Structures are given as structure tokens and as C-alpha cells.
């Protein structure tokens, strides 16, 4: 497990579900414990520094050193299965098998957009040569799975969506939020939850909101990141201080999402888009860019992954926007947005619920 709060959250919640049937341990790339409570033993590779791929000899040595430590931990603790979650751990896990004859069954899961984060030619070459040695490579969206098969020539892929504990999400949504934040919500409050980084395109969201805002409409932004000052400048330059509020990172965003009229996602890329499912579980409609990958499968499962559509596209539980130009056909978007109603019916979300995802993982682990 490598550091990254979205991936970490998914893997810890999955492990906690599996813990009732299996003895689970956590192996972290860096020496820190997950911020989410977990059941099981904790091990670390205690990584201190990452060598970039252009320092290829040093990177290979780093991979081999980590592979040996993984092999030692697996042998000493007599592990049967190891599940990797990011390429910085996935590659050493596979090398532990190739070089040191690690006998654990290896399952890898991919939590990034491979077109963007795995496109480096050296990394792509390494993945093509090593990932076929895994028992299974798990993709978290159909689009992601398709790319792994066509661009990386992988034949051992499986689609398993991220796990969602719908009862826990709903339970947490009833927690009380501070009164000075609660008063920001009204019947026309929009929300997004995101790291404040360029790839999330919060600047585009602000321009979109500027088009639809009036004195009664508000936008709540939950999250922190390096783009914060830039976004604050955009808000100030466009005189949106009375309508747009950056509330920082929240360990529990669900009470905020449940109070909003609509959730908006403007990312240029997602591996899946977990927060869209979480919003729908809470009955909050979503508006999202039709980015690779995830939003289309979540909001409009009736569409084929590669099917061409006209934007904005109105689906049962939300709206898909053009990734390159979210403001395209703005007048139609404004009309569609006004028709989004709460609460939503959530029967169609069964494919994401924990009981079904657990069964899929159990089949892969035990086969």
C-alpha cells in the first residue's frame, strides 16, 4: 500500500471487510499508518526517497531492494496472498516473485488512469513485462480495464468497482457540522470534494459557477492542495466571495454532500470517481465532466464507454459535461440543472455496494 488517501481508503475498507474471513496485514511503502482505523498487523518498507525513472539504474536498484524486503516479510509471516495497490509497490511485489521466488499469490489493483499516469515508455515497458505474472490485475472501471488490455496487452484483468459501505456512508451523513458552516447551505447550494490540484480543474468549476450564480446560489468546496491560493484569487477577481466558500479538508464530507442540492466534478481524469457514487448513495444528484474514467459508468451506465454523445447529456441521476468545454451549450445545461431533484432512488447502485464487491474479491482471492 502506498500513500494516497483515496487508494488508502479503498484498500483499508476492503481489508476490514475481508478481515472477518481472513487474517489481514498491511504493508505500507512509507512508514506511516493509515489514517483510517484498520484491523490487522502493520508492516512497512520504510521508503525514504523516490528515484525518478530517468535515473533508471538507481530506480531498478530501488525496486530490487524493495522486492527483497517484500519477499522477507512474506516468507517470515507465511502470507498466502499479497494485494498491491499502486505501481510503486506493484512492481517490487512482482520482482519479489521473479527474482526471489516469492510464493504468494499476487493480485494487483490499479487506481489511476493508465493513459496518464502509466504512459512513460520505461514504465509502460516494465508493466507489459511484469504485470502478466500477477494472478489478476484488477481495474476499478470498465474504461480502465479496456486500456490495460489494449495499450498494455494484459490478458489477466478483472473489473471490480471500488467498495462502498452504503450503510456507513448514510450513518456518517447524520453527523453534526459546525453551525457557521451549516448556515451556508440553502436549497441552491452546490458542492465539490476534491484535492485542490490542477488535474481536478476547480478553476473551470469556478467559471462554470460564475455563469449560473445569483445571490441565492452557493458553491461549497471541500479540500486542500497547492491550487488553493490560485483559486482564492479567482474568487476575489470575480467578486464571488459571498457565494463561494473554501472550507478545507473534512475527514467526514458526507453531512456536507447530503445537504447540497447538487454535487459537481470537473476533473480532467479519474480512475473511477468514488465521490460520485458516494453522492448518489446520499441522494444528491451529480454533474460531472465526461472524463476518463468512471463518471460515464456511474452516471449513465446505459452508454457505451466509447459512444459519442451531445453535451450536456442528461442521465437518470445527473448530467455529463464536455471534458474540454464544460460550458458548451450553457443555456441547455442551466435548464437541465434546474430539473435535478432530490432525493434520488438508489436501487441501481447495488453494483457498487460492499456485499457484491466483497464477493468479487473473494472469488479472485480463493480461485
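A few comments on the model shown:
- The condition of being more than 22 Å from the chain's Cα centre (by Cα) and surrounded by 14 or more Cβ atoms within 10 Å (Cβ to Cβ) holds for only one of 339, 356, 317, 329, that being 329.
- Residues that are without any contact (Cβ under 8 Å) to a residue 40 or more places away in the chain, buried (at least 21 other Cβ atoms within 10 Å of the Cβ) and within 30 Å of residue 359 (Cβ to Cβ) do not occur anywhere in region 119-129.
- The helices (runs of 4 or more DSSP H) located wholly in region 66-131 that include 1 or more residues which are farther than 20 Å from residue 7 by Cα occupy 87-98, 121-130.
- Subset of region 260-272 that is under 27 Å from residue 119 (Cα atoms) and either surrounded by fewer than 21 Cβ atoms within 10 Å (Cβ to Cβ) or without any contact (Cβ under 8 Å) to a residue 40 or more places away in the chain (or both) - its residue that is nearest to the chain's Cα centre (by Cα): 269
- Being more than 22 Å from residue 207 (Cα to Cα), touching a strand residue (DSSP E or B) at 6+ places or on another chain (Cβ under 7 Å) and assigned by TED's automatic domain parsing to the domain that holds residue 211 is not true of residue 308.
- Residue within region 239-247 that is surrounded by fewer than 23 Cβ atoms within 10 Å (Cβ to Cβ), under 29 Å from residue 118 (Cα atoms), in contact with a helix residue (DSSP H, G or I) (Cβ under 8 Å, 6 or more places away or on another chain) and in contact (Cβ under 8 Å) with a residue 12 or more places away in the chain present: no
- Taking every residue in region 322-339 that is assigned by TED's automatic domain parsing to the domain that holds residue 266 and within 18 Å of residue 296 (Cβ to Cβ) and pairing it with any residue that is part of a loop (DSSP other than H, G, I, E, B) and at pLDDT below 80, at least 6 positions away or on another chain, the pairs with Cβ-Cβ distances below 9 Å are 322/329; 333/327.
- For region 248-259, a residue qualifies if it is out of contact with any helix residue (DSSP H, G or I) (no Cβ under 8 Å at 6 or more places or on another chain), over 12 Å from residue 221 (Cα atoms) and surrounded by fewer than 21 Cβ atoms within 10 Å (Cβ to Cβ), and exactly one does: 251.
- Selection count, region 144-169, where residues are part of a helix (DSSP H, G or I) and in contact with a helix residue (DSSP H, G or I) (Cβ under 7 Å, 6 or more places away or on another chain): 5
- Region 282-299: number of residues that are in a helix (DSSP H, G or I) and surrounded by fewer than 24 Cβ atoms within 10 Å (Cβ to Cβ): 1
- Entry remark, region 45-65: residues being exposed (fewer than 13 other Cβ atoms within 10 Å of the Cβ) and assigned to a helix (DSSP H, G or I) number 3 in total.
The values are calculated or read from the model by the stated rules, or taken from the named source; none is laboratory data. Note that the structure is a prediction, hence the values are computed from the model and not measured. A quick note on method: Cβ atoms are made from the backbone with ideal geometry, for glycine too, and the neighbour counts reach across all protein chains shown.
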